[in-house]
1. Please find, within region 33-56, the residue that is farthest from the chain's Cα centre (by Cα) out of those that are surrounded by fewer than 13 Cβ atoms within 10 Å (Cβ to Cβ) and in a loop (DSSP other than H, G, I, E, B).
2. Hey, does region 7-20 have a residue that's in contact (Cβ under 8 Å) with a residue 60 or more places away in the chain, in contact with a strand residue (DSSP E or B) (Cβ under 6 Å, 6 or more places away or on another chain) and either outside the structural domain of Thr106 (by TED's automatic domain parsing) or closer than 28 Å to Asp105 by Cα (or both)?
3. Select from region 1-32 the residues that are farther than 20 Å from Ala48 by Cα and part of a loop (DSSP other than H, G, I, E, B) and write down the one among them that is nearest to the chain's Cα centre (by Cα).
4. Mind listing just one residue for me: the one in region 80-111 that is farther than 10 Å from Val51 by Cβ and touching a Leu at 6+ places or on another chain (Cβ under 6 Å) and, of those, surrounded by the fewest Cβ atoms within 10 Å (Cβ to Cβ)?
5. Right, Val98: farther than 21 Å from Glu59 by Cβ, of a type outside the set (Phe, Trp, Tyr) and over 15 Å from the mean Cα position of the chain (by Cα) or not?
Amino acid sequence: MKKDLICIGCPIGCQMQVEIENGECREVRGHSCPRGESYARQECLHPARMVTTSILIPERILPLSVRTDRPFPKERIHECLEEIRKIKPQLPVKAGDVLLANILDTGIHIIATRNYI
């Protein structure tokens, strides 16, 4: 199977072609740096995304913005959002505070992206 990707590893945005066979990346073409090859292999075999969302705070107008501290497995993002929905933060919150540690046993944390008092 062949897959076309545009690299997001650096500003160049190389157009790459990846050949996948038996669940392995056999060949990556079109990258101009090692980050491109690494990105292509990760994206084809274990895609992950940063998850960003907001949490409603009772009796407050503005929601609290949150995100994962590193990319989360793409196939489990819905589960992640369900867990985030359950968070009831204790105010005040500072940017970078961990609101939920080790979400879904992934070792990834949900953090606040801004101060909220």
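1. Top of the filtered list is Leu56.
2. Step one: filter region 7-20 for residues in contact (Cβ under 8 Å) with a residue 60 or more places away in the chain, giving none.
Taking every residue of region 7-20 in turn, none turns out to be in contact (Cβ under 8 Å) with a residue 60 or more places away in the chain, in contact with a strand residue (DSSP E or B) (Cβ under 6 Å, 6 or more places away or on another chain) and either outside the structural domain of Thr106 (by TED's automatic domain parsing) or closer than 28 Å to Asp105 by Cα (or both).
3. Across region 1-32, the extreme among qualifying residues is Ile12.
4. Restricting to residues being farther than 10 Å from Val51 by Cβ and touching a Leu at 6+ places or on another chain (Cβ under 6 Å), the top hit is Ile87.
5. Considered against the rule, which asks whether it is farther than 21 Å from Glu59 by Cβ, of a type outside the set (Phe, Trp, Tyr) and over 15 Å from the mean Cα position of the chain (by Cα), Val98 comes out as yes.
The values are calculated or read from the model by the stated rules, or taken from the named source; none is laboratory data. What you are looking at is a predicted structure, and each value in this text was computed from that prediction instead of being measured. Please note: Cβ atoms are built from the backbone with ideal geometry, for glycine as well, and neighbour counts cover all protein chains shown.
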